[in-house]
1. For Leu256 and Glu52, what is the calculated FRET efficiency with R₀ set at 56 Å and r taken between the beta-carbons, to the nearest 0.05?
2. I want to make sure I understand the PRE zone here: with the label point 7 angstrom from the Cα of Arg559 toward its beta carbon, which residues in segment 478-516 have backbone N atoms less than 12 Å away?
3. Restricting attention to segment 399-508, which trypsin sites (Lys or Arg not before Pro) occupy a DSSP loop and are surrounded by at most 13 other Cβ atoms within 10 Å?
4. Can you give the net charge of the other residues whose Cβ lies under 11 Å from the Cβ of Ser323, counting K and R as +1 and D and E as -1?
5. Evaluate E = 1/(1 + (r/R0)^6) for Phe379 and Ser354, where r is the Cβ-Cβ distance and R0 equals 60 Å; express this FRET efficiency to the nearest 0.05.
6. Using a Förster radius of 45 Å, what is the FRET efficiency between Thr197 and Ala434 based on their Cβ-Cβ separation? Nearest 0.05, please.
7. May I have the count of lysine pairs in the chain with C-alpha atoms under 24 Å apart, counting pairs 8 or more residues apart or located on different chains?
8. What are the residues whose amide H is under 5 Å from the amide H of Thr197, where those residues sit 5 or more places off or on another chain and H is modelled from the backbone?
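The values are calculated or read from the model by the stated rules, or taken from the named source; none is laboratory data. What you see is a predicted model; the values in this text were computed from it and never measured. Every residue, glycine among them, receives a Cβ derived from its backbone with ideal geometry; neighbour counts consider all protein chains shown. What goes into the accessible areas is simple: the full protein's heavy atoms, side chains included, and nothing from ligands, DNA or RNA. Shrake-Rupley method; radii C 1.70, N 1.55, O 1.52, S 1.80 Å.
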Amino acid sequence: MVVNVLFSLVDVNSIVRVEILRGPQASMIYGAGASGGVMQIFTKKGDGGPLEPRLEAVAAAGTIQSPYGTSLQQDYSVNVQGATKGVSYSAGGGYSESGEWVPQYFLRTPSVFAGTRISQGPLTVGLSARFNSRTFGDPWDPRLRAAGYQSFQTGPFIRNSIRLETYGLVLGLTAAKGWQHSLTLGLDDLSRGFFNTRPRTADGLFQVFQETQQKTSVRYSTSVELAPSRPLSAVLTAGAEYSSFASQGFDAPAALVTTGPISYDSTQPPTPSRGIGSNTGVFAQAQVGVNTRLFLTVGVRGERNTNFGTDYGTAAEPRAGVSFIQPIGRGTLKARASYGEGLRPPEFNANQNSRGFQANASLGPEEQVGADGGIDLYFGSGLSLGATYYNQTARNLIGAVLIDPSTDPATFQYQNIGRVKNKGLELELTLRLAQLTLSGQYSVTNSTVLDLGPSYTGDLQKGDQPLGIPRHSGGASATLGLAPQTTLNASVVYLGSRTNYDGLALFDVFFGDAPFRGSLRSYWASYPTVVKGNIGIQHAFNKNLSVLLRVENVTNNQRFENVNSGLIPGRRTTAGLRLSY
């Protein structure tokens, strides 16, 4: 995808499974941007074996509650899939809509997806396409109006839109026994923008913003399975990938119209923007197995990105790992450890001269370096336990540093200025009994600022935990078969206390009469623990028809998960029907 945060646009009805690869080791294969790990979302392309066409449709409706009102929501989805010998397919779509749980809010999200997989002898072809759109209102927080701030006495009347199209082609070829080739082509097209639906002030002017981003990518890899002797096995993998990025857009802060040719107040002309870039990576990896018990992995990746400084050169990312599997009675023990380096490139044009910013020829990527280790215990399919400890350092963090305050505007430069140590423990448990499945996760995260660079002028100090990161978090879920046709499921999410800005106090400075306390650090606040629970029940009348009921945020918890100057919905209640044919 063009922008990582937009993974939420993926239609959940198109997802087969989600896999998470921890730590910077994932960047050896997946490249730039994978320094913190990878979330892989596998979408439907049909099943592998013969299958009669199967249709599934869901229609649901309910309410969203908040301190400011209650609104209706509705969700619809349909999916058809099937397969014949050598060909499988899946296609579907969905639509959801939410109303004003706070004044001037709305959300509409249509989506369509389709995919097919064709296997003929040694050749496999996979095709996929996805369209997602999101249109929504962006209201003021009613508390700001109640506080009497003049700037918030009328609504913003903002209409936002995001549209994402993704197309993919995957070719696989078995050239010989144990020798595989894979070629992947991808195209992502993102469009986003907003405009005022009413003049923002008495001057009769509107703001109009529009941006489009495109990403094209090609990836080739080949792998060879070797068996040099009976106890040994090996898989050698090598590959290369190339992706190009382009963006263009404009911001018209004083437009006279919002559609067609944009005319504007001549004293405030639009600001155009344009950016291009590319990323090139090559990688090689060797995996060796001994007696199907001991497995060793070593690899390296080289990365070049046009957003690196012109003098930076090529980034190298090594990886090494080891795992050992040992049967224990009716169970299995797996011990594992790995080390890796990953990177996150600078933002678009961060190394270029632009208004208010000076180029930095030596600007490098942010890097995540470190190791993790853990054990996993499996007792048949009924019980699994896992524990992972990690010790990593995020270094060369990028920040904007003030270079010359005397210019108009002041001149900044993006520099690699900081290091943060990340240590933690993650625990996982899954228990499956006759009619009951339980799972839980708990993590302890200790992030500490080690260095901020001599030019840093922000709020953090050495020894701080970065803002917004809780030391403790977790979650649990349970699924219970109440009867042969009835299933109950429940889940809970836990977010420990953390430090972040007191947003409302800052609004009182910027828009009210409160005096500034002298530093932004003095507006740090401690946020309490957040616990939110969900519960749902599904009953099948027969193999074709079932009814479902789900309640999210059961207790209508209004505690903030980020900062207190944002808006959060309350309890969501949904009831619906599922049709399978």
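1. 0.45
2. Once the point is set 7 Å along Cα→Cβ of Arg559, 493-498 turn out to lie under 12 Å by backbone N, inside segment 478-516.
3. Numbers: sites: Arg419, Lys421, Lys423, Arg432, Lys462, Arg471, Arg498; in loops: Lys462, Arg471.
Counting only loop positions with at most 13 other Cβ atoms within 10 Å, the trypsin sites (Lys or Arg not before Pro) in segment 399-508 are Lys462.
4. Working: positive: Arg293, Lys334, Arg336; negative: Asp376.
My count for the surroundings of Ser323 gives +2.
5. Working: r = 58 Å, r/R0 = 0.97.
My answer for the efficiency is 0.55.
6. 0.20
7. Summing the qualifying lysine pairs gives 10.
8. Sorted by chain and number, the residues that satisfy this are Ile158, Arg159.
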